[in-house]
1. Please compute the Cα-Cα pair-distance distribution of the range 36-163 with 10 Å bins starting at 0, giving whole percents from short to long.
2. Less than 12 Å apart at the alpha-carbon level, and either on another chain or at least 8 residues along: which aspartates and glutamates does that give for Lys122?
3. If r is the Cβ-Cβ distance from Lys48 to Lys122 and R0 is 35 Å, what FRET efficiency results, to the nearest 0.05?
4. At what distance in angstrom do the alpha carbon centres of the range 78-94 and the range 141-167 lie from each other?
5. Starting from the 7 Å offset along Cα-to-Cβ, what nm value, one decimal, do you get for the label separation of Gln70 and Glu56?
Amino acid sequence: MFPKGLVICLALMWLTACAHTGQAPDSGGAVPVAGQAVDMSDLDQVKKSLLAQHGEWQGTRYRLGGLTKQGVDCSGFVYQTFRSRLGQELPRTTELQSQLGRSVAERERQVGDLVFFRTGLKKRHVGIYLGGDEFLHASTSQGVTISSMNNPYWQSSYWHSRRVAGL
């Protein structure tokens, strides 16, 4: 059996998932150099960049605190995507990402906006809106994937959207 303290620690890590607020772990130099800035007003170019990121990372497994293709969590994937594909530095955590930019109404969402979900009492999840009611994210069950905002699970847990372009 595992020591009680270890079980409690693992349970707390699982419950907080992407809601952790600590500093980014050392990625061992695996964090890519910031990419060329993309004109965030060119939504076609932004979407192409996001789909290219999906192509490279698709299926990468979920790992709390991860920042590499060996495993990544939702906020780490957003952090990496904005840094490497859109040339924009964002904070590492879901909590800090959820405070960036400005709030956007559902009907005004556009490609590149961040979409946030409340997936538990204290759990939060973040993805990047692709248009057409789809978003790119690191799912705990499927790894890096594209999901529909119309999926009943995501619909019921939707929290808010934020536009962070040009920060």
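Where a number appears in this text, it was derived from the coordinates with a stated rule and is not lab data. Just so it is clear, the model here is predicted, and its values are computed rather than measured. We place every Cβ from the backbone using ideal geometry, glycine too, and count neighbours over all the protein chains shown.
1. 14, 50, 33, 2
2. Qualifying aspartates and glutamates at Cα under 12 Å: Glu95.
3. Values: r = 36 Å, r/R0 = 1.02.
Plugging the Cβ-Cβ distance into 1/(1 + (r/R0)^6) gives 0.45.
4. 16
5. Spacing of the two 7 Å Cα→Cβ label points: 1.8 nm.
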